[in-house]
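Undergrad: For reference, the structure I am asking about is given below.
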Amino acid sequence: MALRLKAGQRVLDGTSAGEFIVIRAPDAAVDITIGAQAPLLDVRPQAPPASAPSGQAVAIGKRYTSGDGSLELLCVKPGANLPVLGGSPLELVQPKPLPASD
Amino acid sequence: MNIGMLLDMAASAAPDRMATGTGPGRLTYAGLRDGAWRAGAFFRERSAEYVSLIDVNSPAVPLALFGAAAAGAAFAPINYRLPDQRMARLLERVAPGVVIAGDGVAERIGAPPPGVSLVSRTDFLAACATGVPSPPPAEPRPQDVAALLFTSGTTGEPKGAVLRHQNLTSYVISTVEFMAASDADCALISVPAYHIAGISAVLSSTYSGRRVIQLPQFDEREWVELARLESVTQAMIVPTMLGLILDVLEGSSAPHLPALRTLSYGGGPMPLAVIERAMRLLPHVGFVNAYGLTETSSTVTVLTPQDHRDAWRSRDATVRARLSSVGRPLPSVEISVRDDAGNPVPAGVRGEVWVHGGQVAGEYAGLPTATSGGWFPTRDEGHLDNDGYLFIHGRLDDVIVRGGENLSPGAIEDVLRSHPAVRDAAVVGLPDDRWGERVAAMVVLDEAAPASAEELQAHVRARLRSTMTPALISFTGQLPYNETGKLLRRVVRSIFLADEPGETHE
């Protein structure tokens, strides 16, 4: 299902506890699924299923991006499924270390 | 995204890790989140739209900052050193709100303005430690105001710089790797909470899972003692603090802070002699020069530890000069140097520094936006070198206009400081009937090797041009800086103006 995402928005996995914040999104609707379903946006109307189907787990604080970098999500709650964009799973972003400045 | 989520994430990933404080009042990350939730309830019960704090550093700072977010209120700290009248005027700008008052502050305030309720730090900390913590009923939206920071007002009534949740979280997420700190890491915060660096230090440390300890207010001996006692691994200081810390270290036989790994500095120009001395004395420490403004949610450029070492060792004058630069932009920030018409200038040419990025707010309460197409003009004068290193020459508003010629006080101060007899220098413009303004310098001499005003004038004339040579030089034991290291040029100017015109004295 095609969804329009915007930076700062919350994207939720409907099948596990996974939650993401949109860091960057293309200026067009995207075909995104999490756990083979369209994700929930902004709020979770009910608690996620207790036993999630096993997918590729996502870890809190990690960023995930599309191959072309147009979509980037930050995982804020760990979940059981890696988001999939247009049939391709998002990739883990490798951190670029910066010196502590504050 | 909002700043409360940064704490939520840390508390769920590392609930038992130490977050803040020492001794009985210390808190784990889960404890800090619980405390912030209770603080949020406390502020909501009082219908606060602002949460202010007039106090030295303590664990009340992170509790108030995150508690304000939990209540959907803006954190609006006020400088506890302000004279009573100026403090009273700012208090009117934090209504309706709650003010957390440090020792002796309530007595100074007397009756607070309508809509403002006072709570002592002790009572606030007690409220944060009692009762069942429950998550806030609603969370702030990205566009809601997270912090309102009053500028130092060195040139008039303070402006309220507005920082939204999206600005602060954008800064943290793009510069800090989540939970990258180890159990042994510890940051020492000695910059006050009403300074953007005090806020960004709390947010960055939280997201990286680092323990922070607060020095109530800066004192070089206590700073060194605490850094030793707590095996502090990193700290942020302003340039004036560094020289004082080095004096203490040199006068002590104890090892020079073996646990310290990173020392970052910013908030004003760092004299070359001081940073070189620091690198000699603390060879195991990585130095970071961080340039940023309140309006940009803190740091926008960094001169990294490697940049420092490369510049220090280099025989190439261009590379060596970078020790006086503020480094290169963060990957998430763009910098452009522009002329008066707003057009970018080539490398090497001075102009106004403009900044762009998600962390850039460039907004003041009650005023139209200061940004243009998302770009914020900083009013700082600077130039870029060919490799993109940024050099800052001071505030454009401090530029001296002499006979139609724009003179940068920073450039004159740099040359004065390069004289072996000069420890510090401040240059200002004074009214002049013939030229509009004339150049005046206030100089701190090295007592061991003094120089005359004529010698210093000749030194400047030989390196710059005659129009940039100070017509007046006066000597002093100490230049006026505020507690966060900003040179108070208006004070320098008023000292000159209070003296007999035209007199050069010692």
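Undergrad: Can you confirm whether segment B:45-55 contains a residue that is in contact with an Asp or Glu (Cβ under 6 Å, 6 or more places away or on another chain) and open to solvent by 30 Å² or more (accessible area, probe 1.4 Å)?
TA: No, segment B:45-55 contains no residue that is in contact with an Asp or Glu (Cβ under 6 Å, 6 or more places away or on another chain) and open to solvent by 30 Å² or more (accessible area, probe 1.4 Å).
Undergrad: Determine, yes or no, whether A:Leu40 is away from chain B (no Cβ under 14 Å) and touching an Asp or Glu at 6+ places or on another chain (Cβ under 9 Å).
TA: It is true that A:Leu40 is away from chain B (no Cβ under 14 Å) and touching an Asp or Glu at 6+ places or on another chain (Cβ under 9 Å).
Undergrad: Another question, if that's okay. Restricting attention to segment B:435-453, does a residue exist that is surrounded by 14 or more Cβ atoms within 10 Å (Cβ to Cβ), of a type in the set (A, V, I, L, M) and outside any strand (DSSP E or B)? Quick ask: steps written out before the conclusion?
TA: Taking segment B:435-453 and keeping what is surrounded by 14 or more Cβ atoms within 10 Å (Cβ to Cβ), we get B:435-445, B:451-453.
Among the residues that remain, those that are also of a type in the set (A, V, I, L, M) are: B:439-445, B:451, B:453.
Narrowing further to those that are outside any strand (DSSP E or B): B:451, B:453.
Yes, there is a match, as at least one residue in segment B:435-453 is surrounded by 14 or more Cβ atoms within 10 Å (Cβ to Cβ), of a type in the set (A, V, I, L, M) and outside any strand (DSSP E or B).
Undergrad: Checking the conditions here, which among B:Arg328, B:Arg338 is in contact with a strand residue (DSSP E or B) (Cβ under 8 Å, 6 or more places away or on another chain) and within 30 Å of A:Pro95 (Cα to Cα)?
TA: B:Arg328
Undergrad: Which of the residues that make up segment B:183-212 are within 20 Å of B:Gly267 (Cβ to Cβ) and either in a strand (DSSP E or B) or more than 14 Å from chain A (Cβ to nearest Cβ) (or both)?
TA: B:Ala187, B:Leu188, B:Ile189, B:Tyr194, B:Val212, listed by residue number.
Undergrad: Which of the residues that make up segment A:10-37 are within 17 Å of A:Cys75 (Cα to Cα), in a loop (DSSP other than H, G, I, E, B) and open to solvent by 20 Å² or more (accessible area, probe 1.4 Å)?
TA: Matches in segment A:10-37: A:Gly14, A:Ala17, A:Ala25, A:Gly35.
Undergrad: Have a look at A:Leu82, A:Leu98 and point out the one that is open to solvent by 50 Å² or more (accessible area, probe 1.4 Å) and in a loop (DSSP other than H, G, I, E, B).
TA: Details: A:Leu82 fails: open to solvent by 50 Å² or more (accessible area, probe 1.4 Å).
Sole residue among the options that is open to solvent by 50 Å² or more (accessible area, probe 1.4 Å) and in a loop (DSSP other than H, G, I, E, B): A:Leu98.
Undergrad: Considering only residues that are at pLDDT 95 or above and either more than 14 Å from B:Pro344 (Cα to Cα) or not charged (D, E, K, R) (or both), which ones fall in segment B:383-393? Even if it seems obvious, please write down each step before you answer.
TA: Of the residues in segment B:383-393, the ones at pLDDT 95 or above are B:383-391.
Hits for segment B:383-393 are B:His383, B:Leu384, B:Asn386, B:Asp387, B:Gly388, B:Tyr389, B:Leu390, B:Phe391.
Undergrad: Which of the residues that make up segment A:48-79 are open to solvent by 20 Å² or more (accessible area, probe 1.4 Å) and under 16 Å from A:Gln37 (Cβ atoms)?
TA: Correct list: A:Pro48, A:Pro49, A:Ser51, A:Ala52, A:Pro53, A:Ser54, A:Gly55, A:Gln56.
Undergrad: Which residue, of B:Arg261, B:Arg313, B:Arg322, is of a type in the set (Lys, Arg) and free of Cβ contacts under 8 Å to residues at least 12 places away in the same chain?
TA: Values: B:Arg261 fails: free of Cβ contacts under 8 Å to residues at least 12 places away in the same chain; B:Arg322 fails: free of Cβ contacts under 8 Å to residues at least 12 places away in the same chain.
Result of the check over B:Arg261, B:Arg313, B:Arg322: B:Arg313.
Undergrad: Scan (1) of a type in the set (A, V, I, L, M, F, W, C); (2) outside any helix (DSSP H, G or I); (3) touching a helix residue (DSSP H, G or I) at 6+ places or on another chain (Cβ under 6 Å) for the single condition B:Ile412 breaks and write down its number.
TA: Among (1) of a type in the set (A, V, I, L, M, F, W, C); (2) outside any helix (DSSP H, G or I); (3) touching a helix residue (DSSP H, G or I) at 6+ places or on another chain (Cβ under 6 Å), B:Ile412 violates only (2).
Undergrad: Kindly indicate the residue of segment B:365-414 that is open to solvent by 70 Å² or more (accessible area, probe 1.4 Å) and closer than 19 Å to B:Glu295 by Cα and also farthest from the chain's Cα centre (by Cα) among those meeting that condition.
TA: Selected residue: B:Gly373.
Undergrad: Checking the conditions here, which among B:Glu157, B:Glu139 is facing another protein chain (nearest Cβ under 10 Å) and modelled with pLDDT under 95?
TA: Residue meeting the stated conditions: B:Glu139.
Undergrad: Residues being among the hydrophobic types (A, V, I, L, M, F, W, C) and either farther than 27 Å from A:Ala7 by Cβ or not in a strand (DSSP E or B) (or both): count how many of those fall in segment B:337-379.
TA: Going through segment B:337-379 one residue at a time, the tally reaches 10.
Undergrad: Here's another thing I want to ask about it. Evaluate the following for B:Tyr29: is it under 23 Å from B:Val191 (Cα atoms), among the hydroxyl-bearing types (Ser, Thr, Tyr), at pLDDT 95 or above and open to solvent by less than 20 Å² (accessible area, probe 1.4 Å)?
TA: It is true that B:Tyr29 is under 23 Å from B:Val191 (Cα atoms), among the hydroxyl-bearing types (Ser, Thr, Tyr), at pLDDT 95 or above and open to solvent by less than 20 Å² (accessible area, probe 1.4 Å).
Undergrad: Let me ask you something else. Does any residue of segment A:63-79 turn out to be within 30 Å of B:Phe287 (Cβ to Cβ), within 14 Å of chain B (Cβ to nearest Cβ), part of a loop (DSSP other than H, G, I, E, B) and of a type in the set (Lys, Arg)?
TA: Taking every residue of segment A:63-79 in turn, none turns out to be within 30 Å of B:Phe287 (Cβ to Cβ), within 14 Å of chain B (Cβ to nearest Cβ), part of a loop (DSSP other than H, G, I, E, B) and of a type in the set (Lys, Arg).
Undergrad: Another one. Got at least one residue in segment B:267-281 being in contact (Cβ under 8 Å) with a residue 40 or more places away in the chain and under 26 Å from B:Ile3 (Cα atoms)?
TA: Yes, that holds for at least one residue.
Undergrad: Among the numbered criteria (1) in contact (Cβ under 8 Å) with a residue 40 or more places away in the chain; (2) open to solvent by less than 10 Å² (accessible area, probe 1.4 Å), which one does B:Met87 miss?
TA: (1)
The values are calculated or read from the model by the stated rules, or taken from the named source; none is laboratory data. Bear in mind that the values here come from a model prediction, so they are computed numbers and not experimental data. All Cβ positions, glycine included, derive from the backbone under ideal geometry; neighbour counts span all protein chains shown. Each accessible area value is taken on the protein alone, full model and side chains, heavy atoms only, with ligands, DNA and RNA left out. Shrake-Rupley method; radii C 1.70, N 1.55, O 1.52, S 1.80 Å.
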